[in-house]
Amino acid sequence: MKRTLSALASLALLAPAAAAQPLTNSGPPPAAAPFSETVHGDRVDDPWRWMESPERTGDVAAFIRRASDHSTSQLAALPGRARLRARVDAATQAGVRYSDLEQAGGSLFYRRTDPGAQLAKLVVRSPGGRERVLHDPEAGGTRGPAINSYSVSPDGAFVALHTASGGAEMGAIHFIDVASGRILPDRLEPVWGEFEVAWLDATTFTYTRMMPAAAGANPMHNTRAFIRRLGSTAERPLLGAGVDGGPRFEPHEFPFVGISGDSEWALGFGNGARADGRLLVARRADTVAGRPVWRAIADYPDEVQGADVIGDRLLMLTTRNAPSGAIVALDLSRSQTLGDARVIVPARDDLILSSFAASAAGLYVLGQTDGISRLFFLANGARTPVELQLPLRGLIANLRDVEGGAGVTFQIQDWFTAPRWFHANGRRVTSLRLDSASYAGIRGARRVREAARSADRTSVPLDVLLPANFRPGTPVPLLVEAYGGYGVSIAEPYYASDRFGLIEEGGAVAYCGTRGGGERGRAWHEGGRSANKPNAHADLIACGERLVELGYTRPELMTVLGTSAGGLLSPPAALRRPDLFGALVANVAILNPTRLAAAENGANQFGEMGDPNEEAGYR
């Protein structure tokens, strides 16, 4: 490929077209060390295999720093960069932002990010409306570990808070007494930031943590779920690889255990970086005693994507034989066999189901149509869900039940409206008066829904955000993003304030919903997963071609972005079509999945990407 693709090159395209400058790579390139091997009949030459060696971490870091310094100095010299940076700062610091809300013990808990702050605080709001900061990582003027996640005990008396330093996902959980604000001596570590404590009662909880690894062993393997009480250091293993008497778990599977409300049943989960999970049940009393007898309900091929238990009623969201999703119920007092479950919310052609939450009065069901979220309520005893009237057409996230069964809470956002929090009880929806500040400078910008035609004639959803002064037929700098993994949708109204600076400067942003994502249900996901990933490459290329065809941009003004699993998508598309994309941003990207097995968290990705240890997965 003759054209240089820099991970930061897109910013060069944000300058006025007449002033745009090419960026260069730093020199010298990393040292090459000859290495060859035969993999499933293929000869593989990899002169940078040495970068995988723990002993050479310092050399890799030095190369990355040198390349970063080189690119940063070039970017700093670009015309208009300072103004663009100021616009980005203004949009992302527009006002107070609220996230991760929970309601327990009559109080609201949430993370609050104040203007000018780098890190969010944990705040509690009493029933009377008084706010109190429970934890501030920037208290005293020094920046401490950031909050990754938290969970609240059912009575609202304690908070289990996960924090980590330096942007890491691995950290520790400590506990806060809500009444006094005192940090308790209990501490759990090491714990992944997404692994929240699951409370069984006011002081008993389950949690998943990493196990001590032998020298050279993978620290991400053999995680286990435990049960413990506040004030005690005694813990009992409940689920995971190597747990005596438990079901078999693969080393890379993550185990979780939870109990909902007053149910006599505990749920066990085995999952990872994939759309589906394993589901097990055990008696609550046996689980609390640390001696659960697990019964398998569903395995990965059953395509169960979410579950909850209310009394003896096990509710599951599944896409098996229902690509757009259906909710089924199983009476655990009579059977623990998935085949005995009955459908209570059938699949619909016009609705992709994504999650559900139960309340005392009935079931709330969340789905989306053409990227727009829709919320339904199925009252106890009713046969048909009723759609709720919402104050905003956009994206609903963080749907969760309220302790005591008093409805659910959730947030709504759209392309240009920051997240706002609401409470639904029955069919009534009310504001929680926690509205994140929307950036006024983006007013007048608009979203246009387009579609691209892929190589096999499949229609691909494409959302384009245009500046207020956009004139049709006048190409502008454009950033197109795609993901195409795990059934996650990207062509939906997410409030991406970090993109507003580009739009204010007269540029545009596009989101291409390739196959592999969840824009059109399970079949859409499977159509771009694993061996079908070339379909997603073709979809992204088609989106780029369509953006040029419609006159939104020109190839030399278009940057393609792929993050994490998007690294399986955007870099190959850019390499195949250097004439179509002027630059590439490969953001913490998975660039060589044939080496997944060598990565700490690699085996966890096999279900989505394929196992390179096996010939079919490697192909």
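Give the carbon-plus-sulfur fraction of the accessible surface of the range 552-619 in %, rounded to a whole number; probe 1.4 Å, heavy atoms of protein chains only. It is 51 percent, rounded to a whole number.
For the range 597-607, putting each phi into the Karplus relation 6.51 cos²θ - 1.76 cosθ + 1.60 with θ = phi - 60° gives couplings of 4, 8, 8, 4, 9, x, 4, 4, 9, 4, x Hz, in residue order, rounded to whole numbers and with x for Gly and Pro. Summed over the residues of the range 472-619 and divided among them, the accessible surface reaches 34 Å² per residue at a probe radius of 1.4 Å. Rolling a 1.4 angstrom probe over the range 402-480 with all protein chains present gives an accessible area of which 44% lies on carbon and sulfur atoms. Under the criterion of Cα pairs below 8 Å and six or more residues apart, the relative contact order for the range 203-266 equals 29 percent.
Each part gets one Cα centre, and for the range 248-316 versus the range 154-205 those centres are 22 Å apart.
When the charge dipole of the chain is built from unit charges on Cβ atoms (+1 for Lys and Arg, -1 for Asp and Glu) and taken about the Cα centre, the candidate among 517, 375, 431 whose Cα reaches farthest toward its positive end is 431. Accessible surface for the range 44-154, divided over its residues, is 51 Å² per residue with a 1.4 Å probe. The angle between the Cα long axis of helix 81-92 and the longest principal axis of the Cα atoms of the chain comes to about 20 degrees, rounded to the nearest 10. Counting only DSSP H runs of at least 4 residues, each contributing -39500 (n - 2.57), and dividing by the residue count of the chain, the helix-based mean residue ellipticity at 222 nm comes to -3500 deg cm²/dmol. Once a ≥ b ≥ c are taken as the square roots of the eigenvalues of the Cα gyration tensor of the range 45-137, is the result rounded (a/c under 1.5), prolate (a/b larger than b/c) or oblate (a/b not larger than b/c)? Verdict is oblate for the range 45-137. With a simple spin-label model that places each label point 7 Å from the Cα along the Cα-to-Cβ direction, the separation between residue 329 and residue 488 comes to 3.3 nm. Residues 182, 443, 449, sorted by accessible area with the largest first, give 443, 182, 449 [1.4 Å probe; ligands and nucleic acids excluded]. Over all projection directions, the Cα-based convex hull of the range 128-187 averages an area of 5.0 nm². For the range 172-216, the solvent-accessible area works out to 44 Å² per residue, with a probe of 1.4 Å and every protein chain left in place. Shape descriptor for the range 404-553: Rg over Rh equals 1.05 (Cα atoms; Rh from the Kirkwood inverse mean 1/r). Each Lys and Arg Cβ is given +1 and each Asp and Glu Cβ -1; about its Cα centre, the chain then shows a dipole of about 1280 debye.
How much of the calculated P(r) for the range 350-412 lies past 19 Å, in percent of all Cα pairs? For the range 350-412, the fraction of Cα-Cα distances above 19 Å is 25 percent. Would you mind counting up the charge near residue 452? Only other residues with Cβ under 10 Å from its Cβ, with Lys and Arg at +1 and Asp and Glu at -1. Local net charge: -2.
For the range 490-580, the pair-distance distribution built from all alpha carbon pairs, in bins 10 Å wide starting at 0, is 16, 47, 33, 5 percent. Expressed as a fraction of 2.2 N^0.38 Å, the value expected for a compact globular protein of N residues, the C-alpha radius of gyration of the chain is 0.99.
Neighbours of residue 274 by Cβ distance under 11 Å: Lys/Arg scored +1, Asp/Glu scored -1, total -2.
Evaluated with a Cβ-only charge set (Lys, Arg +1; Asp, Glu -1), the range 451-514 carries a dipole of roughly 260 debye about its Cα centre, given to the nearest 20.
The values are calculated or read from the model by the stated rules, or taken from the named source; none is laboratory data. Computed from a predicted structure; not experimentally measured. Glycine gets a Cβ as well: all are built from the backbone with ideal geometry, and neighbour counts include every protein chain shown. When the accessible area is computed, the model is the full protein with side chains, heavy atoms only, and any ligands, DNA or RNA have been set aside. Shrake-Rupley method; radii C 1.70, N 1.55, O 1.52, S 1.80 Å.
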